[in-house]
Amino acid sequence: MSNKEPWLGVNLSIIFPGLGQLYSGYQIKGYIILLVFIAMRIISFWLICSSTGDVVIGLSILVATIFVWLWNLFDAYACAKSKNTQDFEIRRKQSKDPWLAMFLSQFLGIGYFYIGKWWFGLAIILILILASFSQFILSFIMGCVAYLAYTLSPVKRERTHNFALIVAILIIIINLFPVLIRSYILEARWIPSGAMEPTLHGSPNQWEADKILVDKFSYHYQTPKRGDIVVFLPTEELEKEQYQDPFIKRVIGLPGEKVQLKDGKVYINNKPLPEENYLSSGQNTVIDVCSSGLQLPFLAKPQTIPPDSYLVLGDNRNSSYDSRCWGVVPRQNIIGKAYKRFFPFNHVGSLE
């Protein structure tokens, strides 16, 4: 019987459930755990992120996957240990286990304290704290920290030491995955102001504010449409006024269109824009809200929107600092389209 390293199995299964069981020779069990975990993650992701999915059910399945993941760690250890001779188990426990050190190092570097490298451990904690500002950098550091914990262990496992680099690389990849999702596909945000009422409820307290999902992928192959609710970085004009945080507004005017305000309404190419679907009654679109700017409001007179630029307004026209005041949003400033509210749970649904 071929002896196995229980904590190597755990390291593999913490990265992806079922890998530890496969390493230990439990092929059927490993593949079942692997497929069940993937299916649960896909279903929960779809329910939470799709415009028609049930967020509560999705979150319930996501919580269930956490329990599956935790059980899988204990099972991976047990599967590997069941393959070992009594002799091997005695020898394994006589010294500090490098695979346990690697496992513990993923939790604020405590694996270094386990192997007696106290100064290294304190330095690792400091490095992890300093690197926490960037998930991208932190992902690489986590992999390096895990690999270094193995190499600094007083005893190496000659039969399995080649796995250390593989595990370190897998740690980097699994930590980079959420970074890539947030950067290029999907991002969660909360609404800090009331500029999009009544469509979106905003508050400086994020626990009282609506939370939304922003699609960052679709605009790679299609252009923003009128009516889209978009999140965008401050324009040059807004940066001059010391704005740094992203804005959220509704696309009203498209490139090449003539826009003007008349009789409290928005006119596009000399025709009034129907906005009853998202504006509450009594809302007039005027430039009186533009009191903080040093120059004339942008829509103080009719304007033609430049190429690759968009005119955006808040749904709360009486209290929204938007394109009426400071101008259009260049296409490159748009982060993505807000398409679903996922909190509070009694208001979950797609955004129109």
Hits among lysines - C-alpha to C-alpha of Lys29 under 18 Å, sequence gap 8 or more where chains match
Lys4, Lys81, Lys83
Could you work out the relative contact order of the stretch 250-352? I mean the mean sequence separation of Cα pairs under 8 Å and 6+ apart, divided by the number of residues, in percent.
28
Between the stretch 21-80 and the stretch 103-167, the alpha-carbon center distance in angstrom:
26
Descending packing, highest mean Cβ count within 10 Å first, for 216-225, 143-152 is 143-152, 216-225
Give a residue-ordered list of calculated ³J(HN,Hα) values for the stretch 190-196 (Karplus: 6.51 cos²θ - 1.76 cosθ + 1.60, θ = phi - 60°; whole Hz; x for Gly, Pro).
10, 9, x, 9, x, 5, 10
Solvent-accessible surface ranking, highest first, for Trp190, Trp71 at 1.4 angstrom:
Trp71, Trp190
Cross-link reach from Lys271 to aspartates and glutamates, straight Cα distance under 16 Å and at least 8 residues apart if same chain, gives Glu257, Asp263
List the residues whose amide H sits under 5 Å from the amide H of Ala338, counting only those 5 or more places along or on another chain, with H placed 1.01 Å from N in the peptide plane.
Asp215, Ile229, Val230, Val231
Relative contact order for the chain: what is it in percent, counting Cα pairs under 8 Å that are at least 6 residues apart?
14
Taking the stretch 34-88 on its own, what percent of its Cα-Cα pair distances exceed 14 Å?
61
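In percent, what relative contact order does the stretch 150-265 have, based on Cα pairs under 8 Å that are 6 or more apart in sequence?
Rounded, it is 16 percent for the stretch 150-265.
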If you place +1 on the Cβ of every Lys and Arg and -1 on the Cβ of every Asp and Glu, how big does the dipole about the Cα centre of the chain come out, in debye to the nearest 20?
1100
Percent carbon-and-sulfur accessible area, the chain, ignoring ligands, DNA and RNA, probe 1.4 Å:
63
Loop-located trypsin sites (Lys or Arg not before Pro) in the stretch 129-164, at most 13 other Cβ atoms within 10 Å (DSSP):
Lys156, Arg159
Leaving out ligands and nucleic acids, and using a 1.4 Å probe, what accessible area per residue does the chain come to in Å²?
52
List the cysteines in the chain whose Cβ has no other cysteine Cβ under 4.7 Å from it.
Cys49, Cys79, Cys144
Roughly speaking, what % of Cα-Cα pairs in the stretch 237-299 are separated by over 17 Å, rounded to a whole number?
54
Which of the helices in the chain meet the span-like rule: DSSP H, Cα axial reach of 30 Å or more, Kyte-Doolittle mean at least 1.0?
27-49, 55-81, 163-184
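The values are calculated or read from the model by the stated rules, or taken from the named source; none is laboratory data. What you see is a predicted model; the values in this text were computed from it and never measured. We place every Cβ from the backbone using ideal geometry, glycine too, and count neighbours over all the protein chains shown. Surface areas here come from the heavy atoms of the whole protein model, side chains and all, with no ligands, DNA or RNA. Shrake-Rupley method; radii C 1.70, N 1.55, O 1.52, S 1.80 Å.
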